[in-house]
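Working notes for the structure below.
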Amino acid sequence: MNEPSATPSRVKSWSWKRFFVRSTSICLLLVLVAIGMGVWKVRSTLPKLDGKVRVVGIQHEVQIQRDHLGVPSILAQSREDAAYGLGFAHAQDRFFQMDLLRRIPSGRMGELFGQMGLRLDRSFRKHRFEKTAQTVIDAIPENHRRVLDAYADGVNAGLGTLSSVPIEYIALRQTPRSWQPSDSILVMLAMMCDLQPMDAEPEIGLGLLKEKVSDEVFHFLVRSGSKWDAALDDSIIASPPIPGPEAIANARPSPNPRNEKSQLVDSISTGVSQNRLPTESDSGHTEFEALRLETMLGRIQHDFEFRVGSNNWAVGKTVGKDGRAILASDMHLGLRVPATWYRALMKTPTIDGTTRRLIGVTLPGAPVMVEGSNGSVAWGFTNSYGDYGDVIELVRAEDDPESYMTPAGPKKIEKVTERLAYPGGFEDIVVEWSIWGPVVAVRDGRRFVHHWIGDDPNAFDLNIIELESSTSVEQTMGIANRAGMPNQNVMIADSDGNIGWTISGRIPKRKAMPPMVPVDWSKDDSDWQGYLEPEKHPRVYNPTDGRLWTANSRILGQEFLNVVGDGRYDPGARARQIRDRLRAKDAFDETGLLKIQLDDEAIFLSTWQSRLSEATGNARGDFSKELLDAVDAKPLRASVDSVAYRIVREFRTEVVERIFGFAGANRRDNSSAQAKRGLARKFGIDQNIAISYEDVVTELLDQKPQHWLPSEYSSWDELLTESAKATEAKLNQGHPISKATWGAKNRSAIRHPLSAAVTFLGGVLDMPDVELPGDNHMPRVQSPSGGASQRLVVSPGDEENGIYHQPGGQSGNPLSPYYRAGFYDWAYGRATPLLPGPKQHELILQPR
């Protein structure tokens, strides 16, 4: 019997189904192929770690061995070949980071990130750092130049061996450009700008304040000493008295302090012309993205008290276990992905020809061991916060608004047009220069120039490389004093058990203590008389108690201030806590010094617990148990599970903001009602002005002068009580106060700069989101995107017992197993070895 034939409708139905299945299968196959090609493309950016590669530019074979964390050991027969190998490894793992470090100071971020990068470019281009870098490279000694040249050759060779350009360039649709020797100088300049205010914002802000208040008020608000100071010589700078009613009666505040501050521009861009394609930036979107980019680069911190800084200390042979000198160092910077530092071991002849094992951290883009040990000497850095530049207000020539007065007569302002390029267009800006340096700010037609070592090619060289061959503390101090580099507190320990401290870099030689406000050089510009002789740099060698420490605060007494000045030192609570911890024990080993690095006890806030008790007073029934318990929490720690710490910290913030009137800025509330409270209204200041907040507030609350009380309150007691109520209300928002732990607020936000340009990649590129212990004003400095960029503890000659942490891995490629390696050890403070482990990979570079 014949089968019934299919009806037309059934035929159409089956045909449609077959077509759908086949089409879906083909689409799925195409998607899988596209994903596979994408994965292959991205995986092709991973570097070659094993085998042999023939290269041009080395004299002998160079071995690059990597351990389980990707830390390279570079074995070379000359310092030039070691530089080549280091450059090769840097390019394999961190080329995009290196590229940013040269682009930021040269003002070329827009070329990569588009218009969101122009905000940075406008700020940096006025300094013309590319010209400075080229001048430095042209004058550098031949033996140092060979190292720079070899490093650049190694970088370009390492980049060339990648099967594809680094992943960031794929995402941005850009092509990396080759590395030049002068780019390493630009990297040094980038660090200088991270560590010192290139546009002199503190001095300009203080100048605005000084114009509004009496000398008495100014010196009360702005002081070089603090009650927390822990100077190495135990010196004390006396606190000024609280000015009386008559001293504050003549204050001349501006109608709106925020508007006045906004008149200060951080770049001169008069005569701007643009040639670009229309974009969404016209709506303000790009400005927001620019701020995100700068935050992810670590250039903006949302915690107004976090400052780029560091801790370091050393114990000599009378204190170090087994008669050893031991160094501890943790450099505090804005945290980003990849980590700032690149760990490395180099076994190589140093610049003097002596073969040494160098272990520590390098900076991608530079051919030197920045911090670490050479077996004889170990060294570490903290930012010195001296005053290494002066602000000059130009005096306009009477008959020419484009000229200014000098001791030799009127001079024309030099105007240079700089072109800022970005994909699809460009923007031309006009930058202005005087004989003393660039114009960095303009207010009401007044031009301010920054005369700063960062703009002087004579302040830079590669002498830091000589630290690698030093054999003693005294020799190392001399090298640091001669080195053209950022001005750092250099902490040193040697294998003979000696310890020492000094300041590196060029120190201006001045007639008097460096001024803290703008000055007039129109009639006399001889205040600077070159640079201080290296042998006259401040030094401390082998103190009697065998202990040295620095933490960005004042180091020595008035004579020190007369030479180095005050670039607005840290109040000193960290330094004091470190000093006291060092004095609390007779002997230390590496683990004991790491424990101090991880110390999160809030001794700084102990007085604020007493003030919180005072604030609750007789109205204890109006407050929660958690807030009342915070008064008695002992010890008070910035631990992730502490509610008490967050309460006391928030209470302090509320009090400080009510006194100074900064709540609007710190809470990102721009209402004029918030902006015009307290001293902000009385004196016309804002939180960007470098006032001695803690000491001023302490004295006001101790003495409670009625004429300093913000007018919103009838008494200081009312101000404290209102602050306590506001603290409780804030911490009860969205959840009970019992859930308001410090860890819930202090969560890591360590991000890759590409997250700003390609937002959806953040989950792939950024470091894990974890709760972090620590805060400001304690040894364990920590904010969500700022804190210890590394932790190092080492005794020179005994590196096997050394300890090291950093907040991210060696590789900048998110597909690499080394991308996040070591992050959790840093976050949780687990001791990990300084020396690399057994080799797991070996790449041999052979001369072609």
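The values are calculated or read from the model by the stated rules, or taken from the named source; none is laboratory data. Since the model is a prediction, treat every value here as computed from it, not as a measurement. No Cβ is skipped: glycine too gets one built from the backbone with ideal geometry, and neighbour counts run over all protein chains shown. Heads up: the accessible areas ignore ligands, DNA and RNA and are worked out on the full protein's heavy atoms, side chains in. Shrake-Rupley method; radii C 1.70, N 1.55, O 1.52, S 1.80 Å.
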> For the stretch 607-655, how many residues are of a type in the set (Asp, Glu) and either exposed (fewer than 15 other Cβ atoms within 10 Å of the Cβ) or over 17 Å from GLN733 (Cα atoms) (or both)?
Replying inline: 5
> Could you count how many residues in the stretch 804-820 are open to solvent by less than 10 Å² (accessible area, probe 1.4 Å) and out of contact with any Phe, Trp or Tyr (no Cβ under 7 Å at 6 or more places or on another chain)?
Replying inline: 2
> So which residues in the stretch 64-89 are of a type in the set (Gly, Ala, Ser) and either surrounded by fewer than 24 Cβ atoms within 10 Å (Cβ to Cβ) or in a loop (DSSP other than H, G, I, E, B) (or both)?
Replying inline: GLY70, SER73, ALA76, SER78
> Which of the residues spanning the stretch 314-330 are open to solvent by 10 Å² or more (accessible area, probe 1.4 Å) and either among the β-branched types (Val, Ile, Thr) or over 9 Å from ALA493 (Cβ atoms) (or both)?
Replying inline: LYS317, THR318, LYS321, ASP322, GLY323
>> Condition first: open to solvent by 70 Å² or more (accessible area, probe 1.4 Å) and polar (S, T, N, Q). Now tell me which residues in the stretch 130-163 satisfy that.
In response: GLN134, SER163
>> Among the residues of the stretch 205-222, are any open to solvent by 50 Å² or more (accessible area, probe 1.4 Å), in contact with a strand residue (DSSP E or B) (Cβ under 9 Å, 6 or more places away or on another chain) and touching a residue at least 12 places away in the same chain (Cβ under 8 Å)?
In response: no
> Only one of (1) modelled with pLDDT of 95 or more; (2) open to solvent by less than 30 Å² (accessible area, probe 1.4 Å); (3) touching a helix residue (DSSP H, G or I) at 6+ places or on another chain (Cβ under 8 Å) fails for LEU835. Which number is that?
Replying inline: (2)
>> Quick check on GLU418: is it part of a strand (DSSP E or B), of a type outside the set (Lys, Arg), out of contact with any His (no Cβ under 7 Å at 6 or more places or on another chain) and open to solvent by 40 Å² or more (accessible area, probe 1.4 Å)?
In response: no
> Would you pick out the residues in the stretch 490-501 that are of a type outside the set (Gly, Ala, Ser) and surrounded by fewer than 24 Cβ atoms within 10 Å (Cβ to Cβ)?
Replying inline: ASP496, ASN498
>> Can you say whether ASN458 is crowded, with 22+ Cβ neighbours inside 10 Å and within 22 Å of MET198 (Cα to Cα), as far as the supplied structure shows?
In response: no
> If we scan the stretch 752-761, do we find a residue that is open to solvent by 10 Å² or more (accessible area, probe 1.4 Å), under 30 Å from THR591 (Cα atoms), of a type outside the set (Asp, Glu) and not in a loop (DSSP other than H, G, I, E, B)?
Replying inline: no
>> I need a count of the residues in the stretch 574-630 that are at pLDDT 95 or above and not in a helix (DSSP H, G or I).
In response: 11
> open to solvent by less than 10 Å² (accessible area, probe 1.4 Å), touching a His at 6+ places or on another chain (Cβ under 8 Å) and in contact (Cβ under 8 Å) with a residue 24 or more places away in the chain, is that true of SER795?
Replying inline: no
> Can PRO543 be described as open to solvent by 10 Å² or more (accessible area, probe 1.4 Å), modelled with pLDDT of 95 or more and within 30 Å of VAL439 (Cα to Cα)?
Replying inline: no
> Do you know which residues across the stretch 558-573 are open to solvent by less than 10 Å² (accessible area, probe 1.4 Å), farther than 14 Å from ASN487 by Cα and either part of a loop (DSSP other than H, G, I, E, B) or modelled with pLDDT under 95 (or both)?
Replying inline: GLY572
>> When you check ILE359 against the structure, is it surrounded by fewer than 22 Cβ atoms within 10 Å (Cβ to Cβ) and of a type in the set (A, V, I, L, M, F, W, C), yes or no?
In response: no
> Looking at the stretch 764-784, which of its residues are farther than 12 Å from ALA749 by Cβ and either among the basic types (Lys, Arg) or in a loop (DSSP other than H, G, I, E, B) (or both)?
Replying inline: PRO773, GLY774, ASP775, ASN776, HIS777, MET778, PRO779, ARG780, VAL781
> For residues in the stretch 234-261 being part of a helix (DSSP H, G or I) and open to solvent by 80 Å² or more (accessible area, probe 1.4 Å), which is modelled with the lowest pLDDT?
Replying inline: ASN259
> Going through the stretch 499-515 one residue at a time, which ones are part of a strand (DSSP E or B) and farther than 16 Å from TYR385 by Cα?
Replying inline: ILE499, GLY500, LYS509, ARG510
>> Restricting to the stretch 127-147, name every residue that is under 28 Å from SER755 (Cβ atoms) and either β-branched (Val, Ile, Thr) or not in a helix (DSSP H, G or I) (or both).
In response: HIS127
> Can you tell me which residue in the stretch 542-559 is nearest to SER384 (Cα to Cα), limited to those that are within 25 Å of the chain's Cα centre (by Cα) and of a type outside the set (Gly, Ala, Ser)?
Replying inline: ASN552
>> Residues to consider are TYR818, TYR828; find the one that is of a type in the set (Phe, Trp, Tyr), at pLDDT 95 or above and closer than 20 Å to LEU86 by Cβ.
In response: TYR818
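Every residue, every condition in (1) under 23 Å from the mean Cα position of the chain (by Cα); (2) in contact (Cβ under 8 Å) with a residue 24 or more places away in the chain, yes or no:
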site: ILE351; (1), (2): no, yes
site: ILE359; (1), (2): yes, yes
site: ALA366; (1), (2): yes, yes
site: TRP379; (1), (2): yes, yes
site: TYR388; (1), (2): yes, yes
site: GLU414; (1), (2): no, no
site: TYR422; (1), (2): no, yes
site: ASP428; (1), (2): no, yes
site: VAL442; (1), (2): no, yes
> Counting just the residues of the stretch 546-579 that are among the charged types (D, E, K, R) and in contact (Cβ under 8 Å) with a residue 40 or more places away in the chain, which one comes out farthest from TRP608 (Cα to Cα)?
Replying inline: ARG547
> Restricting attention to the stretch 168-175, does a residue exist that is assigned to a helix (DSSP H, G or I), of a type in the set (Asp, Glu), crowded, with 17+ Cβ neighbours inside 10 Å and in contact with a Pro (Cβ under 7 Å, 6 or more places away or on another chain)?
Replying inline: no
> Taking the stretch 766-780 as the search range and keeping residues that are open to solvent by less than 10 Å² (accessible area, probe 1.4 Å) and out of contact with any Phe, Trp or Tyr (no Cβ under 7 Å at 6 or more places or on another chain), which one is nearest to ASN813 (Cα to Cα)?
Replying inline: LEU772
> What are the residues in the stretch 352-394 that are among the acidic types (Asp, Glu) and in a loop (DSSP other than H, G, I, E, B), if any?
Replying inline: ASP352, ASP387
>> Quick check on the stretch 526-547. Is at least one of its residues in contact with a Leu (Cβ under 9 Å, 6 or more places away or on another chain), β-branched (Val, Ile, Thr) and on the phi < 0 side of the Ramachandran plot?
In response: yes
